[in-house]
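Before any comments, here is the structure.
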Amino acid sequence: MPIYRKSAVVSKIGVNYVRGIIEGAGCLFQQIDQENDLGIDAICELVNEDGRPENHLFALQIKSGDSYYNEASATCSFSIGTHREYWAKYKVPLYALVYIPKLNTAYWTNVKAFLKSNPDANSVSFCVNRANQFDEEKFLAYFKPMVTGRGPNISLEDSLALARSQNEDEVWLGLTTLFRRFPNTLQTWDELVRAFKVREASEIPGFLIYILAHIPWHGDIAYHGETIKPGTKSYASGLLDSFDQADVKKLLLMIDENGIQRGVVGQSVEALVNSIKNASSLLIKIIMDDQNDMELRESAAFILSVKKGEEALPYVRHLAVSGSEVCGYIHQEISEYGAFYPYM
């Protein structure tokens, strides 16, 4: 006698849960038959409130079962198996959804982004939180706007609450939403600066530095949202002027292996540091303090040279004499051309 396995029932419940959310929002859900399933369970298309397609397709891998959820660590995980290359090269955005029967809800993650960041992982694993919950409300407020590139459709109050969360994923969702949706609200810049000040450099993502660099601006910022008004910039500039030596050190520590050049986080660091009212004196203190790492002192000398040119020569020479090849090169550039400009 044939047996209808419980796992098949749970799988169908999960698929139907996801289908109900997507179709309930007026979008299209096309399930892929099991015999044609190569690692993708559904192809979906977003539709706007007028019933017009938004030209945004995405694929789903749907997992159903309490076994995929670890309550103690609040994480979901499932095996990659033989699907790594297929998922990584899939031509449309691909998200995994894990439906948890005992919670009657699901959580999502970006599969291709995970594989890119974790090339040696044997399983896809991600934390669960409000930012990646998949229910009717959050599909409309978070997931759908995220797929279309518009950013989450959540209120200022909710964005601020997320930014103060104990969960880092929620924090960065809140900060990003504040910047994208409320760039001319002064509370946005209070919260962005606070987020920088209360964290160690190792805990700060590069995108926060890039966001803050919209105040001084630099040539590689491509911003297409609401124009940041002069009054907002003036207010935020005042917040940056409050940065002290510890804050400048933290900014310098954000410079990664790409150094300071066009299109990298170091460019945003340079723009931010040189926008601070007393930047030069803070940089000189860092350069002349031999208790600081040479790499940190070199970064300070580099930025001081961009701002001050020939006035930076004594400090650059000081480090060059101490064995810094970088400062030796900068010293030569300033001596020959009277200035130092790394953005070619």
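The values are calculated or read from the model by the stated rules, or taken from the named source; none is laboratory data. If you're wondering where the values come from, they're calculated on a predicted model, not measured in any experiment. Ideal geometry is used to build each Cβ from the backbone, glycine not excepted, and the neighbour counts take in all protein chains shown. Remember, those area values only see protein heavy atoms, side chains included, never the ligands or the DNA or RNA. Shrake-Rupley method; radii C 1.70, N 1.55, O 1.52, S 1.80 Å.
A few points about this structure:
- Which numbered condition Tyr235 misses (of (1) out of contact with any Ser or Thr (no Cβ under 7 Å at 6 or more places or on another chain); (2) surrounded by 15 or more Cβ atoms within 10 Å (Cβ to Cβ); (3) closer than 24 Å to Cys327 by Cα): (3)
- The range 105-134, subset farther than 19 Å from Leu57 by Cα and charged (D, E, K, R), residue surrounded by the fewest Cβ atoms within 10 Å (Cβ to Cβ): Asp120
- Selection from the range 198-227 of residues that are closer than 14 Å to Ser275 by Cα and part of a loop (DSSP other than H, G, I, E, B): Ala213, His214, Ile215, Pro216, Trp217, His218
- Condition check for Leu313 on (1) of a type in the set (A, V, I, L, M); (2) in contact with a Leu (Cβ under 6 Å, 6 or more places away or on another chain); (3) free of Cβ contacts under 8 Å to residues at least 40 places away in the same chain; (4) surrounded by fewer than 21 Cβ atoms within 10 Å (Cβ to Cβ): one failure, at (2).
- Helices (runs of 4 or more DSSP H) lying entirely in the range 152-197 (those with 3 or more residues that are within 15 Å of Gly225 (Cβ to Cβ) and either of a type in the set (Val, Ile, Thr) or open to solvent by less than 20 Å² (accessible area, probe 1.4 Å) (or both)): 168-181, 186-197
Per-residue answers, yes or no, for (1) among the charged types (D, E, K, R); (2) in contact with a Phe, Trp or Tyr (Cβ under 9 Å, 6 or more places away or on another chain); (3) under 18 Å from Phe340 (Cα atoms); (4) open to solvent by 20 Å² or more (accessible area, probe 1.4 Å):
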| position | (1), (2), (3), (4) |
| --- | --- |
| Glu257 | yes, no, no, yes |
| Ser268 | no, yes, yes, no |
| Ile276 | no, yes, no, no |
| Ser281 | no, no, no, yes |
| Ile287 | no, yes, yes, no |
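- Of all residues making up the range 258-277, the number that are over 19 Å from Pro205 (Cβ atoms) and out of contact with any Asp or Glu (no Cβ under 8 Å at 6 or more places or on another chain): 3
- Check on Glu200, under 24 Å from Pro152 (Cα atoms) and open to solvent by 70 Å² or more (accessible area, probe 1.4 Å): no
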